[in-house]
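Working notes for the structure below.
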Amino acid sequence: MGGALTKSAAGQGGSKHPQTEPSILVVGSINVDLYKKLSSAGEVTISGKQIDMKPVKGMTLPASSFVGQSAMAEQLKAHGLGCEAGKEEALLSKLEGPFEQKTGGKGANAAAAAGQTFRCELVCNFGRESEVSNKALLADLKEFGNVNTSRSQTVDGLTGTAYILLFEDFDNAILLLGGANQAWAPEPVHAGLQAAISECVAVMLQREVPEHVNRKVAKAARKCDKPVIMDVGGTDAPVDADLLPHITLIAPNETELTFISGVDTSVAGKPSLPLIRQAVSSLKAMFSAAGNSDVAVLVTLGGMGAVHFAPAWASDSDTAHETSVGTFPLGTPDGRPKDTTGAGDCFRG
């Protein structure tokens, strides 16, 4: 494992705000994003084979979850592209371009968004072998939010990578190659990170880093009486039971809400508010069973806006503690978004 970034590298993402000002702390991922526009068939080419990506539309999945997803596993096997456990990223590295490179990662996206209106710090891992890409990432973080990265780490290997696959209706599927995002120390709360937690006003987490990172950061934050905001995206795994007592606000989209609550949230492919309420009720019951009855839930619904369920929200009929946020007309020629990638990350930031 490497040490902290040098001033010449991390300083590019330094904050213009005095260190005495409060900040939002984001602990999580940063990615080199590789964008690819899909045809109307919604297919990609992996090792010369056409693979239909519509079954994972709207999802953000690590390579292992993508390969293990039932509809994708059947396709890959039919094309002779099955792989052994641990070889999933090698398989996805054969996804064919062309690609357009940008900066991403749920952690970096949220930090850049938070930095538009508030001082923000991002603690993440950069890969030593991605020196050129890292310079572009740091330049973007400085330009978009003036995000401080001075307490981030450099580790062996490559910086994380994400394939952003854009459908014709502007929705997307995101496939993750962990790289440095997965290379955290067993004890991730180093002295610099502990200081950042102590100095911040709130901690934002997501699930593109190992679960033990979120567990230990969340525990450290709650010991310092800092609220913890958890973005559910980054994996389709259940929420770590050890995290439940420490989360102040959990923020899934409607698809993620389904797989963490066990309750379907849509009818004919569209989000249903009555079903979302049932799913939130189930989710809050799970938190209550872990000793956390005060969790708030923020559900993002894409073009339908978002709904916030306050800690006091208690049942399907409790609209007094439920707040809906709508949408506004876009200034694009057809009134539709050009790219929804990172929209949820930035909304939460």
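The values are calculated or read from the model by the stated rules, or taken from the named source; none is laboratory data. All of these numbers come straight from a predicted model, not from anything done at the bench. In this analysis, Cβ positions are derived from the backbone assuming ideal geometry, glycine residues included, and neighbour counts consider all displayed protein chains. Ligands, DNA and RNA are stripped out before the accessible areas are found, and what is left, the full protein with its side chains, is counted by its heavy atoms. Shrake-Rupley method; radii C 1.70, N 1.55, O 1.52, S 1.80 Å.
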Q) Counting residues that are among the β-branched types (Val, Ile, Thr), which strands (runs of 3 or more DSSP E) fully inside the range 284-349 reach at least 3? A) 296-300
Q. Can you name every residue in the range 119-145 that is modelled with pLDDT of 95 or more and part of a loop (DSSP other than H, G, I, E, B)?
A. Cys124
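So in the range 250-273, with the set limited to residues that are part of a loop (DSSP other than H, G, I, E, B) and buried (at least 22 other Cβ atoms within 10 Å of the Cβ), which one is modelled with the lowest pLDDT?
Thr265
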Q. Counting only residues that are open to solvent by less than 20 Å² (accessible area, probe 1.4 Å) and assigned to a loop (DSSP other than H, G, I, E, B), how many does the range 82-118 have?
A. 2
Q.
For the list (1) surrounded by 16 or more Cβ atoms within 10 Å (Cβ to Cβ); (2) more than 20 Å from the chain's Cα centre (by Cα); (3) under 11 Å from Val123 (Cβ atoms), I need the number of the one condition that Ala195 fails.
A. (1)
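Scan the range 211-238 residue by residue and report those that are in a loop (DSSP other than H, G, I, E, B), in contact with a Phe, Trp or Tyr (Cβ under 9 Å, 6 or more places away or on another chain) and open to solvent by less than 20 Å² (accessible area, probe 1.4 Å).
Matches in the range 211-238: Val232 only.
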Q.
If Thr319 satisfies all but one of (1) open to solvent by 30 Å² or more (accessible area, probe 1.4 Å); (2) at pLDDT 90 or above; (3) more than 15 Å from Val232 (Cα to Cα), what's the number of the condition it fails?
A. (2)
Q: Quick one: which residue in Ala310, Ala296, Ala314 is of a type outside the set (S, T, N, Q), surrounded by 13 or more Cβ atoms within 10 Å (Cβ to Cβ), under 21 Å from the mean Cα position of the chain (by Cα) and under 25 Å from Ala241 (Cα atoms)?
A: Ala296
Q | Those residues of the range 123-152 which are without any contact (Cβ under 8 Å) to a residue 40 or more places away in the chain and crowded, with 24+ Cβ neighbours inside 10 Å, in sequence order | A | Gly145
(Q) I'd like to verify a number: residues in the range 55-90 that are touching a residue at least 40 places away in the same chain (Cβ under 8 Å) and of a type in the set (Lys, Arg), how many? (A) 1
Q | First in the range 297-325 and more than 14 Å from Lys284 (Cα to Cα), second anywhere and hydroxyl-bearing (Ser, Thr, Tyr) and in a loop (DSSP other than H, G, I, E, B), Cβ under 6 Å, 6 or more apart | A | Gly305/Thr327
